[in-house]
Structure formats: C-alpha cells, structure tokens
1. I'd like the full set of residues that are at positive phi and either surrounded by 17 or more Cβ atoms within 10 Å (Cβ to Cβ) or of a type in the set (Ser, Thr, Tyr) (or both), limited to segment 384-422.
2. Of the residues in segment 357-381, how many are surrounded by fewer than 16 Cβ atoms within 10 Å (Cβ to Cβ), part of a strand (DSSP E or B) and in contact with a Gly (Cβ under 9 Å, 6 or more places away or on another chain)?
3. Please count how many residues of segment 176-206 are within 10 Å of the ligand (Cβ to nearest atom) and either without any contact (Cβ under 8 Å) to a residue 60 or more places away in the chain or under 20 Å from the mean Cα position of the chain (by Cα) (or both).
4. Just one of Glu336, Glu358, Glu367 is farther than 30 Å from Gly412 by Cβ, without any contact (Cβ under 8 Å) to a residue 12 or more places away in the chain and acidic (Asp, Glu); which is it?
5. Of everything in segment 177-205, what is surrounded by fewer than 19 Cβ atoms within 10 Å (Cβ to Cβ) and assigned to a loop (DSSP other than H, G, I, E, B)? Give them in sequence order.
6. Could you list, in sequence order, all residues of segment 121-143 that are within 19 Å of Val424 (Cα to Cα) and in contact with a strand residue (DSSP E or B) (Cβ under 6 Å, 6 or more places away or on another chain)?
7. Filter segment 55-67 down to residues that are away from the ligand (no atom under 16 Å from the Cβ) and farther than 13 Å from Leu234 by Cβ and give me whichever is surrounded by the most Cβ atoms within 10 Å (Cβ to Cβ).
8. Which ones in segment 207-246 are more than 16 Å from the ligand (Cβ to nearest atom) and among the small types (Gly, Ala, Ser)?
Amino acid sequence: MNNTEEHEVIVIGAGFAGLYAVYLLRKSGFDVIALERGSGVGGTWYWNRYPGARCDVESLQYSYSFDKDLEQDWEWSERYAGQPEILEYAEHVAHRFDLETHIQFDTTVEQLDFNEATSNWTVKTSGGTYRAQFVIAATGCLSTANHPRFAGIDEFKGSLYHTGKWPHEGVDFTGQRVGIIGTGSSAVQSIPVIAEQAAHLTVFQRTPNYSIPAHNEPLDPAVQADVKANYEQLRVAARTERSGIISAFPVNEDSAKAASDLEFQDRMNERWDYGGFSFYRAYADIVIDQESNERVAHYVRNRIAEVVDDPAVADLLSPSNTIACKRPCLDTRYYETFNLDHVDLVDIADDGIERISERGVVAGGIEYEFDAIVFATGFDAMTGTLLGMNITGRDGLRLETAWEAGPRTYLGLSVPCFPNLFTVTGPGSPSVLTNMIMAIEQHVEWIRDCLVDLRNQGHRSIEATDDAADSWVEHVNAIADQTLYPSCNSWYLGANIPGKARVFMPLIGFPPYAEKCEQVATDGYSGFALT
Ligand code: N01
C-alpha cells in the first residue's frame, strides 16, 4: 500500500463546515486533512456564482461565531451578503487561520471503503489514495446539481449553464436571447439580473414560487457596531430559536386565522415592508394550520397582483400550493421583472420541457430560440453528494442500499454500518431549516468533542445502532407530520428528483436537537456502539 497517505481524520469538503472542522481538529491535536474537489474554499459559495447569488440569512448572523476577533474584524457591506463577499469571507478565514496547508484542492473523492479489521477508511480520490481512522463528510446539503437530461440536450448549438456550477469568469449576456428553466431561489435571484443584460429573457416555469422582498441594502455602520457590541448575547439568543435565526420582530404565539382583518393586514404589511424570513414568523401557525397558511398565501398572491401589470402573467406567477412548504424565496425586483417588455413567462406546468433543439427549447409544441439556456433546476439535496461518493461500510453494505427507502441516520450525524463516518448537517438534522453556519458550528463541535472522548477513552470506533437510527427517523418524521411541510413536492422530501424516495429529510427545530446531542454525549454516547 505504497502511495497511500495516512491521516487520523479526513474531512471531505472545504466549505464552511470543512474549514471549521480542520480548524477545530487541528487545534485539538488531530492530524487532519481536507479533500476538496474545487480549486478553492467556500463550498456552495465557490460553485454558485450565478448573477444575483446572495444569502437569504442576514450577513451579521450568517457568519462564524467561534472567534471573537474574527467576528469584530470582519466588516459586512450589505444586509444580505452577495456571493462574492461570502466567498471572500471564507477565503479570509482559511488564510487567517492558515487552513489551506491542510486542504488538498482539485481532489474529488471517488470511493470510500471501511476496513473492518483496522476500523479505518480507505478514501480513493482523483488525486491518489488516502487512509484515515475517521472521515467527516462536510459535503454540504446542496452540492450536487440537478441537471435534467432533456431529450436533444447535446444538440443545442448555444451555451448551456447551470446556476450551481457557474463559470468562474462570469457570463456576459449582453445582446443575447436567454432561456431560463426553473423558478426556485436561484432563478428568482438571477432572473432580474440576467434581464438587465439580455436582449430577451424567457422564463420556463413548472411551478410558481412564493417570494418575499429581501429589501437588501447597504449595512448601516451603526447597526453593525451595535450587533458587534452585543454579539455574544445575539448568538446565544439565536440558538434558542427554532431556525437559529433572530428576527427583528418579537416571536408571536397567536394564530393567523384568528386575527381580525385590520390586525392581519397591518402585521403582514409591516413584515412585507421590512423584508426577509421574519414574514413567516408573523403568526405561530403559518406552517401548521392550513387555514392560517392559506390566509398568508392569499396575502402574497394579492401582492403579486399589485406588482405585475398583466393580470394573466400575475395569475401564472401566483402559486396555489401551501406557502413555505417548499423553501421560500427572497427576491429583489423578481415580480417587477415580468413587467419588462423583453421578459416572457412560459407555463410548462402541464407538459414540461418537450426537448432541447439545436436552436433552443421546445415546450407546448413551440420552439423558442436562444443563444444561451440557464438551468436553474436545483440540487439532489441532502443525500446526492453522499450517495455519489461510492461509500461501502461494514459487511460490504453500500450506502445506496442502506438508504434505498430514504436516508436513515442517527442525529443526522452517523449511519448504522458506517462506523467512524460523520456527516455534518446530514439528513435528520436541522441543517437547511436553520442558519447553516450555526448548525455547522454545533455539529463540528460535537464531532470534535466525540473524537477527543474516543481518544481519551482508548476507543477505535463509534457506530450508530440500528435501534437508535430507527427511532431517530421516526422522530424526524413525526415532527414533520405535525406541520404542513410534507404536503408539497419540495426538495426537503426529495420530490424534485425522479425516483428519489420521498422522506422528509431535515429535522424541524434547532434547540431541542442541540439539547439531545448534548445529552447523548453526556450519557456516554447513548445510541452508539463504541469499541
Ligand atoms: O433549486 P429549486 P434552486 N423541468 O429546487 C425547476 C438554496 N438556495 O437552485 O418546482 C422543468 O428550489 C423546479 O420546478 P418544480 C435554497 O435553499 C439559497 O433554485 O420542481 N423545471 C424549480 O422551479 C433553495 O431552496 C439561496 O416544479 C424543472 C427549479 O427548477 C435551494 O438552494 C439561493 C425541472 C428548481 O428550484 C435550491 O434552490 C439559491 C424539470 N425537469 C439557492 N427540474 C439563497 O440563499 C427542476 N425544475 C437565497
């Protein structure tokens, strides 16, 4: 086994999770290396460079809390940071803490095999073979692009792009006829910006989405200073929130359906004018009670009708499904963009995209000609990247076999039969329903503490038990079933990928989850087998 590089811990990915894992494990004395398929750090912010890409969590909250000097030194320029600024932040962190020396870039993990005799993993990559006792998959929740293979796709003579794999040199659409497929968050952000350049933009919509104005703006230095003076309290308070995100408004416990018309309008208007996700916390039962949900959905449909000039277009843009059941979007001038003469909306709800031709897109029997087509078709979320790494655990069990009926984890951290493999923000953890950086910090700190405990106690391996995983999956689903989340075809359920098992993947509610993780550790890793 010459040419096999040995380490104690291999981290896969150098996004926010991978960077923090390298930082923390090195600090705790572990020999750690990260393997990253990109040529730089940043993960999702390295790949998603499409026009208009921006975080939907406010920048003062979407940032690391682990280093007080970093927290004070870094200056955010906008209320919601754009992709270039977030990438710059990730690069700054990597540089500031000298993390790049522990990262192997341009290295794609191709295969992971658990060796039972030695309790370690062999990791085959595009750049050689590695071996480590522990592997931490810091591979992100939205890191495998969903690129539908429409008939005729190879025949198109123009340029094809995917928002999740955007060219680093950028794309100049000036004077071009552009088609965009999809109306999720990536499309909602990129459509207004592409429309500023393109000669003509055609949007192919299968399902309309609810979008709330972000009201992004330059960050007031006084606001930034105030937050920095109180950062610790803010972070502590955030961890007591279901989503790990502090809202500018008080938490309301009342019901939308019970509110008077006047009170309802006032409250929703205030939130709409403020912008951002606090809109969905206006009432306690928006994602729980169908009648309350419909009242809020109706409010948004009215707003769309007010903004969009052509009633037929407004109608097409108006969703009828449960609001916030799919991941909601935040926008800057999304609906307004459809008032521009050179922007068209094509409804493909009934028949979808028929095929791609040499000249463009064929839908509803009509050929639309383009110079460029943008796929804003999303991701094989939460499981796609893990399943794409050819992972074989104990007894020759492959991950795709173990997860045939959907992902099965304990705490979203560990999978039975796959010892010494940890998933950061894996399925079954709050992950995408929270401020991701906060969730990442909690997971990575738990994993670090666990590895230190194993080292101190002389254990070579840790593995989730079948019973613990079964009850955990049941728990995740039971909580989801108390809400309206499972009622529509979202990527939370895997419903955006043909053939993917329909299972609600994220866990709703951060605080009880963090408490449970702590309790498990305090109880000597209950639900895990240690050897
Ligand atoms: O992907 P999506 P996304 N034919 O899956 C359509 C995060 N994010 O990249 O709804 C035709 O939401 C699909 O149609 P339908 C955020 O968590 C965050 O936009 O399935 N259409 C849908 O309209 C977000 O939720 C930020 O009927 C097809 C679209 O493509 C997640 O990433 C910014 C199709 C995909 O929407 C994913 O967002 C961007 C097909 N075969 C992303 N397949 C922020 O922080 C798919 N579609 C703000």
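1. Matches in segment 384-422: Gly406, Leu411, Gly412, Cys417, Asn420.
2. The total comes to 2.
3. The total comes to 10.
4. Glu367
5. Ala199
6. Trp121, Val123, Ala132, Gln133, Phe134, Val135, Ile136, Ala137, Ala138, Thr139, Leu142
7. Top of the filtered list is Tyr64.
8. Those that are more than 16 Å from the ligand (Cβ to nearest atom) and among the small types (Gly, Ala, Ser): Ala222, Ala225, Ala229, Ala237, Ala238.
The values are calculated or read from the model by the stated rules, or taken from the named source; none is laboratory data. Only a predicted model underlies this, so the values are computations on that prediction, with no experimental measurement involved. Don't worry about glycine lacking a Cβ; one is built from the backbone with ideal geometry, like all the others, and counts go over all protein chains shown.
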